[in-house]
Amino acid sequence: MSKQDVPARGEQPAPPANGAGRAKAPAAAWISWIALALMTTSSVASLRPAPTMAVYGLAAVFLYVVPAIVFLVPTSLVSAELASGWSGGVYNWVALGISKPMGFLAVWCQFAMTIFYYPSLLGYVASTLAYVFDPDLASSGLWTAAVIVVAYWSGVWISSRGTKGVAGLASGGLILGTLIPGALLVVLGIVFLGQGHPSAAPMTASHLLPAWAGLASLVLIVNNFLSYSGMEMNAVHVSSLRKPGKEFPRAMFLAMGLVLLIFILPALAISWVIPGDQLSLTAGVMQAFDAVFANFGAQWLTPVIGIMLVLASLGGMLTWLAGPSKGLLLISRQEGYLPPFLQRLNKHGVQQNILIAQGAVTTLIALLYAFIPDVSSAYWIFSVITTQVYLIMYLLMFVAAVRLRRTHPDHPRGYRAPMLVALCGIGFCASLAALLVGFVPPSQFGSGNPWVYLLIVAGGALGLGLLVPFLFYRLRRPSWRQPPTEASAS
């Protein structure tokens, strides 16, 4: 495969499929490993899933640590080895390790999961933003749908201007809207307890493990796989590091530590302040801030925190817009997987048509919020579908990593994961188990029809994750390939 034109300002193309060589980025395009770690953390971690786990009080620690051990650690270490040995992201890894069609499936799933990810992420944004204007709006489906549509298309406009400033926006959003509010929530929560207020959730050793309610009680762990997914997503930016072999693994390890802290501590803080049966899955963070600020007579700070949280989420969305769609564009140009219309670039070198097509589907999904009475239920369903689609990609990545270690043992790697086969085995089994368990309705939604739930989740996950890429692959034409000269002229 030949190298293609730069798809986005400041980004470099994927290398040939044999993994040889690495395109040098212009001096202005270099980013530090710390900036990449913050970009990765911004795309992975947020305060958004905290209310879901805060329902379980002290058991939230268990529900976060277990997926971290069996999924986050294998994903981080394996992707660090793959990225330090082969540029080009998940497509190149799976194409070399398994086959090109499977590589396309992997990069498609990495991209397609965002179709359901944006409605769930921006649903949280809508509920958070409601506390800036009127908290009652947090339960309004019409308000939620409107915010999703406006926020997504604003993100498309920003991304279509080029991704040069996305790293700064994502890193700034992480610090301003996640790290600072998260630390503030934890500190205020500790002070709240120190003043003699009882914790809303028991904090005794007997509550370290969640109550067992059958298979349905395991489904919430699946949501944490989504919380941890995305560690490998910014591997597409490895060519922008000066020393990728050393700096990319370093960035991943820093991101891992930040992700764990951001997830666990705020979830505990929320459980101290708000009883589990009163928590909203989308507005729980703001509920906790509002309650804590009310205790200190500073409720005027609630809207300020709301704006900061919104900025963090929008920064994370911009990171996702800049990554998966770019990877899909690159391999589609090289192999002709998508029709020419979707491969077209705008004057800034951005895959604008892909973003617009994705936006049309995202808008239709967002409108469902206006017709589903329970915003929390819609949020949960979209989150599960997102996880299911993304887990298909991880299954392929773990298989590819083992095969590349066996078929290319001497290929230069800047980092070698210890016990790679064991790590991949653990990650593969955990991902497969999470994918299967995700089809079971969670215990909180037991009152609904389980077959309707199964139909929605299976239809969304399998249809978007398997059927659509199969059709693109079968309908592809040789004329859809884009030679370098034509790409340069786009």
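The values are calculated or read from the model by the stated rules, or taken from the named source; none is laboratory data. What you see is a predicted model, and the numbers here were worked out from it, not measured in a lab. Counting neighbours? That spans all protein chains shown, and the Cβs are built from the backbone with ideal geometry, glycine included. Ligands, DNA and RNA are excluded from the accessible area calculation, which covers all protein heavy atoms including side chains. Shrake-Rupley method; radii C 1.70, N 1.55, O 1.52, S 1.80 Å.
What number comes out for the charge environment of Pro339, summing +1 per Lys or Arg and -1 per Asp or Glu over other residues with Cβ under 11 Å away? Mind showing how you got there, number by number?
Numbers: positive: Arg344, Arg476, Arg477; negative: none.
Residues near Pro339 contribute +3 overall.
Need one word for the stretch 43-117: rounded, prolate or oblate. Basis is the Cα gyration tensor (sqrt eigenvalues a ≥ b ≥ c); a/c below 1.5 gives rounded, then a/b vs b/c decides. Prolate is the answer for the stretch 43-117, as a/c is 1.5 or above and a/b outweighs b/c.
For Asp136, the solvent-accessible surface computed with a 1.4 Å probe is close to 120 Å², ligands and nucleic acids excluded.
If r is the Cβ-Cβ distance from Ala357 to Ser32 and R0 is 41 Å, what FRET efficiency results, to the nearest 0.05? It would help to have the intermediate numbers written out before the result.
Details: r = 34 Å, r/R0 = 0.82.
About 0.75, to the nearest 0.05.
Quick one: net charge around Arg405, please, counting Lys, Arg +1 and Asp, Glu -1 for every other residue with C-beta under 15 Å from its C-beta. Intermediate results must be reported in sequence, preceding the final value.
Working: positive: Arg403, Arg406, Arg413, Arg416; negative: Glu81, Asp410.
It works out to a net charge of +2.
What is the stretch 325-404 by shape, rounded, prolate or oblate, if you read a ≥ b ≥ c off the alpha carbon gyration tensor as root eigenvalues and call it rounded for a/c under 1.5, prolate for a/b larger than b/c, and oblate otherwise? Oblate.
Solvent-accessible area of Val273, all protein chains in place: 20 Å² (probe radius 1.4 Å, heavy atoms, ligands and nucleic acids excluded).
Of the trypsin sites (Lys or Arg not before Pro) found in the stretch 271-350, the ones in coil according to DSSP and having at most 15 other Cβ atoms within 10 Å of their Cβ are Arg344, Lys347.
Can you sort Asp410, Asp134 by solvent-accessible area, 1.4 Å probe, largest first? Intermediate results must be reported in sequence, preceding the final value.
On the way: Asp410 140, Asp134 60 Å².
Heavy-atom accessible area, descending, gives Asp410, Asp134.
Which distance in Å, rounded to a whole number, links the C-alpha centroids of the stretch 387-414 and the stretch 273-295? If we compute the Cα centre of each part, the gap is 41 Å.
Once you list every other residue whose beta carbon is under 13 Å from the beta carbon of Tyr415, what net charge do they have if Lys and Arg are +1 and Asp and Glu are -1?
So the surrounding residues net to +4.
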